[in-house]
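Since the structure comes first, as structure tokens, the remarks are kept for the end.
Computed from the coordinates by the stated procedures, all read-outs in this text should not be read as laboratory data. Bear in mind that the values here come from a model prediction, so they are computed numbers and not experimental data. Positions of Cβ are generated from backbone atoms using ideal geometry, with glycine treated the same way; all protein chains shown enter the neighbour counts.
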Amino acid sequence: MSRAVDACLAALAPVVWGSTYIVTTQMLPPGYPLTTALLRALPAGLLLLLLARRLPPRAWLGRLLVLGALNFTIFWAALFVAAARLPGGVAATVGAVQPLMVLLLARALLGTPISARGLGAAGVGIAGVGLLVLGPGAGLDALGVAAALVGAFSMACGVVLTRKWQPPVPALTFTAWQLCAGGMLLVPLALALEPPLPPLDSVNIAGFVWLGAVGAALTYFFWFRGIARLGPGVVTAFGFLSPVSAVVLGWVFLGEILTPWQGLGALIVLGCVAVGSRPVRPPKRGPVLAAKAVLAHDEREEENGARPCTPCRSIPTPRSSA
């Protein structure tokens with residue numbers, strides 16, 4: 001499958017995630033954030049596990065619990081706290097620092113090079129999200145801002161570690177394992193902190209099915225597959241599409257008004273996605289640098305008492321042209 005198709009499928013995930021706000025507010029009973037997260041993660045994970053037909057090995061359980069906590073349990077819990085204490089625009093803008101976090105963490109944990117283009121796209125993208133979703137009366141709450149930052153950092157760590165701890169299994173299997181782990185960690189939190197759900201009507205059930213089957217199972221399969229094939233630095237730039245999707249859906253289905261500033265913010269975000277999702281190409285080594293690298297390796301072998309290889313010694317030192 002081509003890289004363009006992989007990128008489109010990965011980008012589809014945050015576009016669908018943009019529907020979470022409108023589905024949660026219009027179709028689900030209010031006041032059950034942890035239960036909603038649980039019903040979104042665990043059934044989706046079990047469904048994918050039935051399709052994958054493979055249980056994780058015991059040696060992987062610790063890593064899967066860490067990934068499930070970072071990608072789902074901590075992220076979704078912090079997200080709901082931020083949404084409850086902050087205006088939606090403020091929460092989205094603070095959460096937009098996640099691509100920048102991913103770039104820095106990928107450099108630290110994976111050795112992925114950081115380009116000026118990637119850093120610029122992440123920084124300008126935050127400004128674009130601010131124009132898109134911030135209103136004139138947006139206020140700040142310290143706990144809400146802290147929760148939004150914790151959620152962004154948790155998801156950023158999950159994205160990078162998903163690539164670092166990639167097991168030799170298909171993306172569908174890996175997605176199932178992580179969703180099940182995150183869902184099981186949410187069970188005690190939901191039972192301890194929230195009352196039982198009221199009787200559900202057909203609209204509630206449809207909302208939970210959408211969030212679980214499409215908003216979790218399908219989209220996280222595309223998301224983790226994209227991380228494995230394209231790398232975290234490329235995939236995380238698509239996260240800017242989520243607030244764009246949320247604003248467009250609010251305009252289409254809820255009759256919300258779009259301002260020219262929001263249109264400008266959307267254009268900036270789309271431009272940053274296009275720039276930030278381009279792969280970073282490693283610099284090419286010229287013949288001089290290549291020869292110097294070989295000779296330096298040969299000298300280290302001599303210092304360690306090893307005999308340098310004859311082909312390495314046969315490479316002449318390049319002369320600079322006059």
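Using mean Cβ contacts within 10 Å as the protection proxy, how do 42-51, 231-240, 110-119 order, highest first? Write out the running numbers ahead of the final one.
Working: 42-51: 19.4, 231-240: 26.7, 110-119: 14.7.
For the peptides 42-51, 231-240, 110-119, the packing ranking is 231-240, 42-51, 110-119.
Using the beta-carbon distance between Val275 and Ala213 and R0 = 35 Å, what value does 1/(1 + (r/R0)^6) give for FRET efficiency, to the nearest 0.05? Working shown, then result.
Numbers: r = 33 Å, r/R0 = 0.94.
Calculated transfer efficiency: 0.60.
After finding the eigenvalues of the alpha carbon gyration tensor for segment 3-276, what semi-axes result from the square roots of 5 times each, listed largest first in whole Å? Can you show the working numbers first?
Details: eigenvalues 139, 119, 57 Å².
Taking √(5λ) for each eigenvalue gives 26, 24, 17 Å, largest first.
Using only Cα atoms, figure out Rg for segment 165-278 and give it as a multiple of 2.2 N^0.38 Å.
Details: Rg = 18.0 Å, N = 114, 2.2 N^0.38 = 13.3 Å.
My calculation over the Cα atoms of segment 165-278 gives 1.35.
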